[in-house]
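Peer 1: One structure coming up, written as structure tokens, with questions to follow.
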């Protein structure tokens with residue numbers, strides 16, 4: 001979708017979503033570069049409003065030079081921001097506290113058929129609109145929007161994010177074994193070796209920090225501190241800080257450099273996306289939000305998102321942002337369901 005070419009309002013402030021556009025054979029002037037840098041910095045703060053989104057859309061579409069200036073400013077942010085902008089960004093994010101939603105309870109109803117359906121819904125809610133009330137395979141579980149911290153003696157501290165399930169396999173004097181059955185967790189180990197089983201692989205560490213995500217079909221492991229040993233099938237990967245590896249079944253991928261602060265941003269109550277499709281953004285938001293945002297338009301879901309930052313306590317703002325930036329229309333239904341077309 002092309003952005004409308006309208007002049008931006010005075011004192012316009014940027015939103016938290018940016019869209020990619022063709023930047024070939026275009027030149028940007030000094031003032032454009034300064035404005036673009038301001039957009040990127042404020043865009044990444046997570047303090048987004050609908051007015052900000054409209055202002056950014058107008059500025060971005062006002063002149064082709066703005067698109068190129070924004071792309072270059074974002075690139076500089078990604079490559080050089082760790083020393084200055086990332087530090088300020090971290091302070092801004094850490095100052096905000098996310099208010100997490102509590103899990104929904106399913107109440108019983110009269111009648112044998114209704115009661116049977118309610119029992120099924122307790123274990124397998126339709127369309128994943130709420131979290132299962134029971135999970136017999138997990139020692140610890142979180143509902144939609146819920147976060148939980150578990151301390152396992154002096155061996156490990158586990159932070160579970162939304163829709164996650166964890167089992168304590170063993171707690172022995174010389175080692176601890178955990179199983180992430182689903183969802184995502186940040187795990188900090190002590191002096192005792194800790195093994196985290198997820199999917200068809202396992203990760204081992206001593207005095208290390210990791211973020212493990214088990215989506216059911218694949219697992220990603222990110223090193224947040226120390227070093228990790230990831231084993232899947234006949235292969236082993238050694239990870240240091242800011243490295244990530246993915247595996248599924250017995251296939252272990254190659255380790256790659258990533259920004260571990262982005263991966264574990266949920267611990268600060270924030271979701272950060274870089275160079276993703278709108279569909280991927282919405283899928284992740286749906287993990288944390290009660291109800292479901294549904295993209296009815298395939299082209300809309302394929303729309304690129306260069307950079308997006310959302311606070312977990314304000315996820316309904318995502319819908320307004322998509323409406324403004326992508327020209328989408330939203331229809332709100334009961335139970336938190338939103339249809340976007």
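Peer 1: Filter region 131-145 for residues that are at pLDDT 90 or above and touching a strand residue (DSSP E or B) at 6+ places or on another chain (Cβ under 8 Å); which is surrounded by the fewest Cβ atoms within 10 Å (Cβ to Cβ)?
Peer 2: Taking the candidates together, the pick is 139.
Peer 1: Among (1) at pLDDT 95 or above; (2) outside the structural domain of residue 228 (by TED's automatic domain parsing); (3) surrounded by 15 or more Cβ atoms within 10 Å (Cβ to Cβ), there is one condition residue 305 misses while meeting the rest; what is its number?
Peer 2: Here residue 305 clears every test but (1).
Peer 1: Additional query: All but one of (1) part of a strand (DSSP E or B); (2) buried (at least 18 other Cβ atoms within 10 Å of the Cβ) hold for residue 238, so report the exception by its number.
Peer 2: In the conditions (1) part of a strand (DSSP E or B); (2) buried (at least 18 other Cβ atoms within 10 Å of the Cβ), residue 238 misses (2) alone.
Peer 1: Looking at region 201-217 only, could you name the residues that are at pLDDT 95 or above and over 18 Å from residue 263 (Cβ atoms)?
Peer 2: Hits for region 201-217 are 202, 204, 206, 207.
Peer 1: Something else now. Just to verify a result, which residue in region 245-258, among those that are surrounded by fewer than 20 Cβ atoms within 10 Å (Cβ to Cβ) and touching a residue at least 24 places away in the same chain (Cβ under 8 Å), is nearest to the chain's Cα centre (by Cα)?
Peer 2: Checked region 245-258; the qualifying residue nearest to the chain's Cα centre (by Cα) is 258.
Peer 1: Quick one: would you say residue 285 is outside any strand (DSSP E or B) and crowded, with 16+ Cβ neighbours inside 10 Å?
Peer 2: yes
Peer 1: Which condition number in (1) within 20 Å of residue 261 (Cα to Cα); (2) in contact with a strand residue (DSSP E or B) (Cβ under 7 Å, 6 or more places away or on another chain) is the one that residue 325 fails?
Peer 2: (1)
Peer 1: While we're on this one: Could you tell me how many of the residues in region 291-303 are more than 13 Å from residue 318 (Cβ to Cβ) and touching a helix residue (DSSP H, G or I) at 6+ places or on another chain (Cβ under 8 Å)?
Peer 2: 4
Residue-wise test of (1) outside any loop (DSSP other than H, G, I, E, B); (2) outside the structural domain of residue 162 (by TED's automatic domain parsing); (3) under 20 Å from residue 55 (Cα atoms); (4) under 21 Å from the mean Cα position of the chain (by Cα).
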| site | (1), (2), (3), (4) |
| --- | --- |
| 290 | no, yes, no, yes |
| 294 | yes, yes, no, yes |
| 310 | yes, yes, yes, yes |
| 318 | yes, yes, yes, yes |
| 321 | yes, yes, yes, yes |
| 324 | yes, yes, yes, no |
| 331 | yes, yes, no, no |
| 335 | yes, yes, no, no |
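Peer 1: Of (1) surrounded by fewer than 19 Cβ atoms within 10 Å (Cβ to Cβ); (2) without any contact (Cβ under 8 Å) to a residue 40 or more places away in the chain; (3) outside any helix (DSSP H, G or I), residue 339 satisfies all except one. Which?
Peer 2: (2)
Peer 1: Looking only at region 241-254, which residues are over 19 Å from residue 187 (Cα atoms), at pLDDT 95 or above and not in a strand (DSSP E or B)?
Peer 2: Once the filter is applied, which keeps residues that are over 19 Å from residue 187 (Cα atoms), at pLDDT 95 or above and not in a strand (DSSP E or B), region 241-254 yields 253, 254.
Peer 1: Modelled with pLDDT of 95 or more, surrounded by fewer than 22 Cβ atoms within 10 Å (Cβ to Cβ), under 30 Å from residue 321 (Cα atoms) and not assigned by TED's automatic domain parsing to the domain that holds residue 152: which single residue out of 277, 220 fits that description?
Peer 2: From the options 277, 220, the qualifying one is 277.
Peer 1: Within region 259-280, is there a residue that is farther than 29 Å from residue 208 by Cβ and part of a helix (DSSP H, G or I)?
Peer 2: yes
Peer 1: Quick one: in region 316-331, of everything that is over 21 Å from residue 39 (Cα atoms) and in contact (Cβ under 8 Å) with a residue 12 or more places away in the chain, which residue is surrounded by the most Cβ atoms within 10 Å (Cβ to Cβ)?
Peer 2: Just the residues of region 316-331 that are over 21 Å from residue 39 (Cα atoms), to begin with: 316, 328-331.
Remaining after also requiring in contact (Cβ under 8 Å) with a residue 12 or more places away in the chain: 316, 328-329.
Working: 316: 14, 328: 20, 329: 11.
The qualifying residue surrounded by the most Cβ atoms within 10 Å (Cβ to Cβ) is 328.
Peer 1: Quick one: in region 149-187, of everything that is surrounded by fewer than 17 Cβ atoms within 10 Å (Cβ to Cβ), in contact (Cβ under 8 Å) with a residue 24 or more places away in the chain and part of a strand (DSSP E or B), which residue is farthest from the chain's Cα centre (by Cα)? Step through it out loud before you land on a result.
Peer 2: Quick first cut of region 149-187, residues surrounded by fewer than 17 Cβ atoms within 10 Å (Cβ to Cβ) only: 149-151, 153-154, 157, 167-175.
Now narrow it down to the ones that are in contact (Cβ under 8 Å) with a residue 24 or more places away in the chain: 154, 157, 167-169.
Those still in the list that are part of a strand (DSSP E or B) too: 157, 167-169.
Values: 157: 21, 167: 23, 168: 25, 169: 27 Å.
Ranking the qualifying residues of region 149-187, first place goes to 169.
The values are calculated or read from the model by the stated rules, or taken from the named source; none is laboratory data. Bear in mind that the values here come from a model prediction, so they are computed numbers and not experimental data. So basically every Cβ, Gly included, is an ideal-geometry build from the backbone, and we count neighbours across all protein chains shown.
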